[in-house]
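Have a look at the structure below, then the notes.
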Amino acid sequence: MDSDLFELQSKLVPEMVDLLHERYRVLKFIETAGPIGRRPLSLMADLTERECRSVLEALRELRLIRVAKEGASVTEEGSRLLSSLGEAIDQWSGREALARNLTAKLGIRSVKIVIGDCDVNPSVKNLIGKEAAQQFMEGIGDGEIVAVTGGSSVAAVSPYIEVFDDAKHIHFIAARGGIGNEIGLQANVIAASFAEACGASYSAFYYPESLSSEAHEIFKKEAIAQEMIAKYEKTDCVIHGIGDAQRMAALRNANEEERLYLQEHGAKGEAFGYYFDENGKVVHRIRTVGIQTEQLQKVPLLIAVAGGSSKGEAILAYMASAPKQTILITDEGAAKAMLSHVTNKK
């Protein structure tokens, strides 16, 4: 659709824009989560069940979705429409301009922004995962070693990884050990889920974070640790999350002294066990065997995934010193929060 013509039409029939965006958003959620029932879809799209039923009926009549006992799913025609409309919708909604603006301000390879805000609607994390999976499958090329971190954002990527050409030569590893009690969100488990999704291989690496400095130095000399360190040197792709500094400290059961230290030194974001202040300076790091920040500079494909308006400062803190080849996958909530912080900082 011609953008000038659309702008004229939107001025004449402004309600058309809202209807278009609503139907596109619902269709996008169906593509991501389908087959899906009306009730979970209404919650995902933030619509009443009555509103959702109306949109579903319209999409079904247009043959963009099929509705069966197990729920609604997107037809081939619906997939084609989403593919062809995506760029235009991003442009009309302002997401494209926002992404360009942030890319320039952060000084990284690119920023991809999906609809919504994870803090308001947790289902938006699925859209982030789907976009990150697409960037990975398109960008991995001949790469062989892929390191992934733990966390819910990275865990949201693997369901959208598909079997693709030459996937069997890929080997997934944990960028570092898992944290907390939610085993499904630990890096080793997520690495295994990536490998299973595309028919690749993986290797697990366990590191107890409670080791003393002396025990840590001994552990680093173990064969398994040396083998993993060698793999980090040859990593071709890293998929990682970005955490809020205080929340990550709480997840790691940091003591009061450590939390106070992070607060006093202005820690805002965390990634790979490093804590960053608003200028990207490392103010603290945990003892671990994992990929190091200097090693990231040599990794060809870096994909950072994080969303939610509450993550704005944390993402900016990491991005202040992130490698220039980084691709950031985020949502509108985080993107707008980041732009607001950058603007107010001046």
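The values are calculated or read from the model by the stated rules, or taken from the named source; none is laboratory data. All values derive from a computational prediction rather than experimental measurement. Reconstructed Cβ throughout: ideal geometry from the backbone, glycine too, with neighbour counts over all protein chains shown. Just the protein is used for accessible areas: all its heavy atoms, side chains included, with ligands, DNA and RNA removed. Shrake-Rupley method; radii C 1.70, N 1.55, O 1.52, S 1.80 Å.
Do you know the relative contact order of the chain, to the nearest whole percent, from alpha carbon pairs under 8 angstrom that are 6+ apart?
17
Suppose each label sits 7 Å from its Cα in the direction of the beta carbon; what would the HIS341-ASN279 distance come out to in nanometres?
1.6
Once label points are set 7 Å from the Cα along Cα→Cβ at both ARG252 and SER212, what is their separation, rounded to one decimal in nm?
Using points 7 Å along Cα→Cβ, the separation is 2.0 nm.
Under a point-charge model restricted to the Cβ atoms of Lys and Arg (+1) and Asp and Glu (-1), what is the dipole moment magnitude of the stretch 107-258 relative to its Cα centre, in debye to the nearest 20?
160
Be a star and scan the stretch 269-288 for residues whose amide nitrogen sits under 18 Å from the point 7 Å along the Cα-to-Cβ vector of ARG259.
Residues passing the 18 Å test: 269-270, 275-276, 284-286.
Report the equivalent ellipsoid semi-axes for the stretch 15-112 in whole Å, largest first, defined as the square roots of five times the eigenvalues of the gyration tensor built from alpha carbon atoms.
28, 14, 13
Based on the mean of other beta carbon atoms within 10 Å per residue, what is the order of 68-80, 292-304, most packed first?
Taking the mean over residues of other Cβ atoms within 10 Å, the ranking is 292-304, 68-80.
Under the Karplus relation 6.51 cos²θ - 1.76 cosθ + 1.60, θ = phi - 60°, what is the ordered set of whole-Hz ³J(HN,Hα) values for the stretch 275-280, x standing for Gly and Pro?
10, 10, 8, 5, 9, x
Along the charge dipole of the stretch 211-346, which of HIS240, ILE224, GLN263 sits closest to the positive end, that is, farthest toward it, with unit charges on the beta carbon of Lys, Arg, Asp and Glu (+1, +1, -1, -1)?
HIS240
Using the C-alpha atoms of the stretch 165-308, what convex hull volume per residue, in cubic angstrom, is computed?
So the per-residue Cα hull volume is 127 Å³.
Using a Gaussian network model of the chain with C-alpha springs under 10 Å, which one of ASN126, ASN188, ASN101 is most mobile by mean-square fluctuation?
Comparing ASN126, ASN188, ASN101 in the GNM, the peak value goes to ASN101.
Taking LYS220 as the anchor, which lysines have their alpha carbon closer than 17 Å to its alpha carbon, excluding any fewer than eight residues away along the same chain?
LYS231
If you wrap the stretch 100-153's Cα atoms in a convex hull and average its projection over all directions, what's the area in nm²?
Computing the convex hull of the Cα atoms and averaging its projections yields 4.9 nm².
Give LYS130/LYS168; LYS125/LYS281; LYS268/LYS336; LYS168/LYS298; LYS125/LYS234; LYS281/LYS345 a once-over and call out the pairs whose C-alpha atoms are over 25 Å from each other.
Listed pairs above 25 Å: LYS125/LYS281; LYS125/LYS234.
Per residue, how large is the accessible surface of the chain? Use a 1.4 angstrom probe and give square angstrom.
Heavy-atom SASA per residue in the chain reads 50 Å².
By DSSP, what percent of the beta bridges with both residues in the chain are antiparallel, rounded to the nearest 5?
35
Can you compute log10 of I(q)/I(0) for the chain with the Debye formula, treating each Cα as one identical point scatterer, at q = 0.10 Å⁻¹?
-0.64
Using the alpha carbon gyration tensor of the stretch 242-325, what are the three equivalent-ellipsoid semi-axes (square root of 5 times each eigenvalue), largest first, in whole Å?
21, 15, 11
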